[in-house]
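Down below is the structure, laid out as structure tokens.
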Amino acid sequence: MEFKNRKITVVSPAKINLHLEVLGKRKDGYHELAMLMQSINLEDYLEIELNNDGVINLSSNNTELDLKEDNLIIKAGNILRNCYKDRNLGANIFLNKNIPIGAGLAGGSSNAAAALIGLNKLWLLNLDKLILQNFALKLGSDVPFFLEGGSQYCFGRGEVLERYLFDSQFSLIILKNPKVSLSTSEIYK
């Protein structure tokens, strides 16, 4: 993470599920999960610059993305900003998108977590890990994982995390047709 002249660059890695088990449907409508997730070195980058006009502006090198209010990056910024009295907090965010959309690699969730981390630092909010975890879960079930990344067991909706010591001798090959896009919500249905 770089921090120069009220500008910060945050790395936003993809992840893979080494294990995913759906244990059943919960009363809140979500699925009870048992997963083993691993960050990988396919990464997006968020370049975040402070502005004092109270607006979060998002742009990207990817023309397929919706860059409006329903984007998880903007939602993350609004969650942080709406908790504080200073409504002048704003940011200009450029998303350098490398993670394929709809590839099952949780790029959007990772981007949301990177926005929480970067804006927390840029806006000097000094929020602790627990508060950020709560905000992350409001954004999506995979978002809490990305606040730390690495190798983790994930339970519940994905919010109960436990660090896993990954065996570096393990090998994995992933093949996916890049022309096929998957919707996580559709898969669970």
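Set side by side, the residues N57, N134, N61, N96 differ, and just one is surrounded by fewer than 22 Cβ atoms within 10 Å (Cβ to Cβ) and out of contact with any strand residue (DSSP E or B) (no Cβ under 7 Å at 6 or more places or on another chain), which is N134.
For the stretch 16-25, check the following and say yes or no: at least one residue is within 17 Å of the chain's Cα centre (by Cα) and not aromatic (F, W, Y).
yes
The single condition from (1) farther than 30 Å from V22 by Cα; (2) of a type outside the set (K, R); (3) within 12 Å of the chain's Cα centre (by Cα); (4) open to solvent by 20 Å² or more (accessible area, probe 1.4 Å) that L46 fails is (4).
Within the stretch 121-165, count every residue that is more than 13 Å from the chain's Cα centre (by Cα), closer than 17 Å to H19 by Cα and aromatic (F, W, Y). The number of residues fulfilling the criteria is 3. Considering only the stretch 1-67, give the strands (runs of 3 or more DSSP E) lying wholly within it that have at least 1 residues that are within 20 Å of P144 (Cβ to Cβ). Of the strands (runs of 3 or more DSSP E) lying wholly inside the stretch 1-67, those with at least 1 residues that are within 20 Å of P144 (Cβ to Cβ) span 7-25, 31-51. A single member of I174, I187 is under 22 Å from D70 (Cβ atoms) and either open to solvent by 90 Å² or more (accessible area, probe 1.4 Å) or modelled with pLDDT under 95 (or both), and it is I187.
Whether a residue is modelled with pLDDT of 95 or more and surrounded by fewer than 23 Cβ atoms within 10 Å (Cβ to Cβ) was assessed, and F146 does not pass this test.
Quickly run through the stretch 75-93 and pick out the residues that are part of a helix (DSSP H, G or I), open to solvent by less than 40 Å² (accessible area, probe 1.4 Å) and touching a residue at least 24 places away in the same chain (Cβ under 8 Å). Even if it seems obvious, please write down each step before you answer.
Here is the first cut: in the stretch 75-93, the ones part of a helix (DSSP H, G or I) are 75-82.
Remaining after also requiring open to solvent by less than 40 Å² (accessible area, probe 1.4 Å): 76-81.
Within the stretch 75-93, A76, G77, I79, L80, R81 qualify.
When L119 is tested against (1) more than 30 Å from M35 (Cβ to Cβ); (2) open to solvent by less than 20 Å² (accessible area, probe 1.4 Å); (3) of a type outside the set (S, T, N, Q); (4) at pLDDT 95 or above, just one condition goes unmet, and that condition is (1).
For the stretch 18-32, the count of residues that are under 22 Å from L127 (Cβ atoms) and either open to solvent by less than 70 Å² (accessible area, probe 1.4 Å) or free of Cβ contacts under 8 Å to residues at least 60 places away in the same chain (or both) is zero.
The values are calculated or read from the model by the stated rules, or taken from the named source; none is laboratory data. The structure displayed is predicted, hence computed values, not measured ones. Cβ coordinates were reconstructed from backbone atoms using ideal geometry, including for glycine residues, and neighbour counts include every protein chain displayed. Ligands, DNA and RNA are excluded from the accessible area calculation, which covers all protein heavy atoms including side chains. Shrake-Rupley method; radii C 1.70, N 1.55, O 1.52, S 1.80 Å.
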